[in-house]
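Comments concern the structure below.
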Amino acid sequence: MLDIKFIRENVEAIAEAAKNKNIKIDLVKLIEIDEERRKLQAKLDEIRTRKNELAKLGQVSRPTDEQIGEGKKLKAEVGKIEEDLNKINSEFDELMVQVPTITAKDVPVGKDDSENIEIEREGDPLKFDFEPKDHIQLAKDLDIIDFDRGVKVSGYRGYYMKNEGASLQMALMMYAMDKLTQKGFTLMIPPTLVKEFVLFGSGYFSGKNFNESKDEIYKIANGEIEVDGKTNKENKFLIGTAEPSLLAYHAGEILEKKNLPLKFCGFSPCYRSEIGSYGKDTKGLYRVHEFMKVEQVCLCEADIDQAEKLHKEMLEISKEMHREIGLPFRVLEICTGDMSAGKYRMFDLEAWMPSRNGYGETGSASNFLDWQSRRLNVKYKDENGNKKYVYMLNNTAIPSPRFIIAILENFQQADGSVIIPEVLRKWMPGNANLIKN
RNA sequence: GGAAAGGUCGCAUAGUUGGUCUAGUGCGCACGCUUGGAAAGCGUGUGUGUCGCAAGGCACCGCGAGUUCGAAUCUCGCCCUUUCCGCCA
């Protein structure tokens, strides 16, 4: 969401951004509706002024028949205009939520993910002098992930983490939390079951609410219970990442500038419906309905330089963790066409995954400026006492399944065992350095 | 699952026979006086949003409808929170 004044003054730049992001939005109509809306509001205010005057007269002495008559007439007029205004306001809102953030000037323009640009590469993909297995086979042979029984119990894309697999997952989470805490992030375990505004605020619905959204989010409809003939509804949703819960922590609040930037890292289970990705990555851990992840989030003052600096800082932390764990990786600068509406700049991190014979996404760092904070209404007071919306950024720390894929596949040995990265060992039972049969 | 209470401009509260509430008071906060400096004390100010160059207008007392010339105050629906009991991790 952007400021309507800013939109009025920057229609062309926003139209350009929308085009580059493959977003269809009728800005001309938005401007027209905005004008009409303000005109109606002005008219309404005028009538209400008179209405208030009349009511005040009525306090002094009993209103005359004439005054009562005028009051009734005004009431009817107000009702009529309010009806029109409500209609136009909802059209206005609908368009407003679709208005994209203008990307940074140097973001590559492109139509889709094929035009993302690799800007960095570190570590060389490994060469094996034996026939390497994929993580599915490794997991099966080592008895550390059970996909068959996962499907039996949970359904498609279900899995059990088992033995060292379970330990490795928790070790990764502990490692990420430990790292982020040392970097000055405040550790949180946020709610994963949240209200609608939380997901709207982060931009997870393409429209104003769940019904207008496309995919990914699970809605928990367990509250649809009939009691005495009445349906009891409960609108709760499962998060796909800790980002929305962390961002909504300060929703509706006015923060102190001296406390900014705020840095949070959140550990959470994540739920993804994966509707729309049928047939994609159907086997293994790459695309699953639930997993654990540590996420990083920052709120800072409305200053692009500072936000860009934080963005890089968060990306560096992710790179550092890939490096320490020993995974070859690359960084992509995401092009406009592969970016969602609210983003100003975005990087993806990809680790080398031998079974894919390529890189697989293991992280994504985005800067939204104030697009999310306007939806969540998070502001701060600057030195002059003016209230401004904070800038919000987020980045993955470690998503457990994809790191497990990379670790198993990259660190497998000819005898079928897997070496556990040194930095994770202290979190493994008995400081184990190897997973073997 | 059962029962009850309640949602007022940062926090706490007043306000329920509809009109003097464009919301009072206390705390907090800001500025000033006072002081060697501070505290206390005193004085002034202090909600949010929106339209407007401005003066100023309008809206908001959880949300939404309704009654009325007029609603924080009455009616209905919804949402949320809290407490107690029961069951349970």
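The values are calculated or read from the model by the stated rules, or taken from the named source; none is laboratory data. This is a predicted model, so every value here is computed, not measured. FYI the Cβ positions are ideal-geometry reconstructions off the backbone, even for glycines, and counts take in every protein chain you see. When the accessible area is computed, the model is the full protein with side chains, heavy atoms only, and any ligands, DNA or RNA have been set aside. Shrake-Rupley method; radii C 1.70, N 1.55, O 1.52, S 1.80 Å.
Some observations on this one:
- Residue within region A:392-405 that is open to solvent by 30 Å² or more (accessible area, probe 1.4 Å) and not in a helix (DSSP H, G or I) present: no
- Residue match in region A:189-204 (condition: more than 16 Å from RNA strand B (Cβ to nearest atom), surrounded by fewer than 19 Cβ atoms within 10 Å (Cβ to Cβ) and touching a residue at least 40 places away in the same chain (Cβ under 8 Å)): no
- Where helices (runs of 4 or more DSSP H) fall wholly inside region A:1-120, the ranges with 3 or more residues that are within 30 Å of A:Phe197 (Cβ to Cβ) and within 13 Å of RNA strand B (Cβ to nearest atom) are A:4-9, A:27-60, A:65-96.
- Only a single item in (1) hydrophobic (A, V, I, L, M, F, W, C); (2) more than 16 Å from RNA strand B (Cβ to nearest atom); (3) at pLDDT 85 or above; (4) open to solvent by 10 Å² or more (accessible area, probe 1.4 Å) is not met by A:Ile239, and it is number (4).
- Looking only at residues of region A:345-372 that are part of a helix (DSSP H, G or I) and out of contact with any helix residue (DSSP H, G or I) (no Cβ under 8 Å at 6 or more places or on another chain), we find that the one that is surrounded by the fewest Cβ atoms within 10 Å (Cβ to Cβ) is A:Arg356.
- Looking only at region A:1-29, residues that are over 26 Å from the mean Cα position of the chain (by Cα) and buried (at least 16 other Cβ atoms within 10 Å of the Cβ) come to 0 in all.
- Some residue of region A:368-382 being farther than 24 Å from A:Thr101 by Cα and either in contact with a Pro (Cβ under 6 Å, 6 or more places away or on another chain) or among the aromatic types (Phe, Trp, Tyr) (or both): no
- The residues in region A:371-414 that are at pLDDT below 95 and among the acidic types (Asp, Glu) can be counted, and the count is 2.
Yes/no per residue for (1) among the polar types (S, T, N, Q); (2) open to solvent by 80 Å² or more (accessible area, probe 1.4 Å); (3) more than 27 Å from the chain's Cα centre (by Cα):
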site: A:Gln98; (1), (2), (3): yes, no, no
site: A:Val107; (1), (2), (3): no, no, no
site: A:Ser114; (1), (2), (3): yes, yes, no
site: A:Arg121; (1), (2), (3): no, yes, no
site: A:Asp124; (1), (2), (3): no, yes, yes
site: A:Phe128; (1), (2), (3): no, no, yes
site: A:Pro132; (1), (2), (3): no, no, yes
site: A:Ile136; (1), (2), (3): no, no, yes
site: A:Arg149; (1), (2), (3): no, yes, yes
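- Some residue of region A:163-173 being open to solvent by 40 Å² or more (accessible area, probe 1.4 Å), touching a strand residue (DSSP E or B) at 6+ places or on another chain (Cβ under 6 Å), farther than 14 Å from A:Leu408 by Cα and touching a residue at least 40 places away in the same chain (Cβ under 8 Å): no
- Look at (1) open to solvent by 70 Å² or more (accessible area, probe 1.4 Å); (2) in contact (Cβ under 8 Å) with a residue 24 or more places away in the chain and you find that A:Gln182 fails only one, number (2).
- Of the helices (runs of 4 or more DSSP H) that lie entirely inside region A:139-203, not one contains 3 or more residues that are at pLDDT below 95 and of a type in the set (Lys, Arg).
- Of all residues in region A:243-282, those that are more than 17 Å from A:Gly363 (Cβ to Cβ), in a strand (DSSP E or B) and of a type outside the set (Val, Ile, Thr) total 5.
- A:Tyr380 being outside any helix (DSSP H, G or I) and under 28 Å from A:Asn22 (Cα atoms): no
- Of the residues contained in region A:337-346, none is found to be at positive phi and modelled with pLDDT under 95.
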